Amino acid sequence: MKAQSKLWFTPGPLTTSASVKEAMLRDAGSRDPEFIAAVGEIRSRLLLLACAEAGYEAVPMQGSGTFGIESVIGSAMARDGKLLVLINGAYGRRMAQIAQVLGIETIQISVPEDQPLTADFARSALTANPNVSHVGVVHCETTTGILNPVREIGEIVRSFGCRYIVDAMSSFGGIPLSVPDCSIDFLVSSANKCIQGVPGFSFAIMRRDALRECEGRVRSLSLDLHAQWKGLESDGQFRFTPPTHALLAFRQALAELDAEGGVAGRSARYAENHRALMQGMTRLGFEAYLAPELQGPIITAFRYPGHPAFVFSRFYELLSDRGFAIYPGKLTHADCFRIGTIGHIFPADIDALVDAIDDVLGRMGIGRQH
Ligand SMILES: *Cc1c(COP(=O)(O)O)cnc(C)c1O
């Protein structure tokens, strides 16, 4: 493969900096003291990012983000536990599906994909369903880019005495969020999203008392979060082979996040990326799927232009030829494609993407709609 990669306007894996990639250009031993120290450093930095120090734990888990969610659900739910999942997109549905595959009693309550979940909705769902032990919600539902009010929902979940599981996969590190303020017991994210590392592991940030409760509950040997935590606490090591290179890259990515001004600095850049995108796409005549007040800065779904010559695969290919990779849609009821504004990309890259889209539409015989 050529050294020059495309720019990835995706929710991850995404564009990473050269220095993050360079951090992987050496081998590390999983039982080596230097590597063990790096893992320890990563765990403490994650807690800082979550504004969660005393009373919280950060535990990395091998595999992609879904493995992390499966690890939390499979480890946290008691045999007689009942999970309520509030859903407005594909990742909420996936959370419920994981629980069902694990044989956990699961209630799914949905709103349409263009609507946010609300505290009132959570309250009525919990009132209508007694004996729920855990509630699951996605923060940034990557299906559309909508942001759900995890803090307001968390207050309700806590008032009902339930444990709160938040999938913050596509937002953590890119949107300010305090795990204690949001009453979150288990937050899950992964290496290759807003922290701008490479794929290979996910991580959970948890209240220590909630993590202690997990002992003996797990339904999987390898995805046992409590055992993973105990292992890391006893000798600093993963139980099974860790993704060593991905962890070295992640440590570098965390240092770069700090250098950018932490989550505040990074979220400001993502907001600028998103502003540049909306400005450019609106100029080209594209319509965003979500109402502007619901749209987060992470990823945006745009409706296909209403022109017979528009074929997504061709659009993708022509953009890809020019070095720009966008993301297909995942909506149930609307034809959309998505453009991510996270990763090592900047407003000038967004402007270049918009110019390329303009050019490609011309090539497809579509031209501007306005
Ligand atoms: C990316 C993502 C996941 C995990 O996806 P993987 O492909 O398993 O990494 C889960 N939830 C949300 C909201 C995501 O954006």
### Index of the failed condition, residue 315 passing every other in (1) on the phi < 0 side of the Ramachandran plot; (2) within 25 Å of the chain's Cα centre (by Cα)
(2)
### Query
How about region 137-151: which of its residues are within 11 Å of the ligand (Cβ to nearest atom) and either out of contact with any His (no Cβ under 8 Å at 6 or more places or on another chain) or of a type in the set (Lys, Arg) (or both)?
137, 138, 139, 140, 141, 142, 143, 144, 145, 146
#### Entry: Breaking point among (1) closer than 21 Å to residue 170 by Cβ; (2) in contact with a Phe, Trp or Tyr (Cβ under 6 Å, 6 or more places away or on another chain); (3) away from the ligand (no atom under 16 Å from the Cβ), for residue 60
(3)
### Summary
The residue from 250, 240, 172 that alone is within 16 Å of the ligand (Cβ to nearest atom), aromatic (Phe, Trp, Tyr) and farther than 25 Å from residue 84 by Cα is 250
### Criterion (over 30 Å from residue 331 (Cα atoms) and touching a strand residue (DSSP E or B) at 6+ places or on another chain (Cβ under 8 Å)) met by exactly one of 246, 253
246
### Summary
Pairing a residue in region 147-175 that is free of Cβ contacts under 8 Å to residues at least 24 places away in the same chain and assigned to a loop (DSSP other than H, G, I, E, B) with any residue that is away from the ligand (no atom under 11 Å from the Cβ) and among the small types (Gly, Ala, Ser), where Cβ atoms lie under 7 Å and the two sit 6 or more apart in sequence or on different chains, gives none
### Task
Can you tell me which residue among 237, 252, 279, 228 is of a type outside the set (A, V, I, L, M, F, W, C) and in a loop (DSSP other than H, G, I, E, B)?
237
### Task
All but one of (1) within 16 Å of the ligand (Cβ to nearest atom); (2) on the phi > 0 side of the Ramachandran plot hold for residue 55, so report the exception by its number.
(1)
### Task
Please enumerate the residues belonging to region 328-370 that are among the polar types (S, T, N, Q) and under 30 Å from residue 250 (Cα atoms).
341
### Query
Can we say residue 109 is more than 12 Å from the ligand (Cβ to nearest atom) and surrounded by 18 or more Cβ atoms within 10 Å (Cβ to Cβ)?
yes
### Message
So residue 271 ticks every box in (1) in a helix (DSSP H, G or I); (2) crowded, with 19+ Cβ neighbours inside 10 Å but one. Which box is left unticked?
### Response
(2)
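Read-outs: derived from the displayed coordinates by stated rules, not from any lab. Quantities reported herein were computed from a predicted structural model and do not represent experimental measurements. FYI the Cβ positions are ideal-geometry reconstructions off the backbone, even for glycines, and counts take in every protein chain you see.
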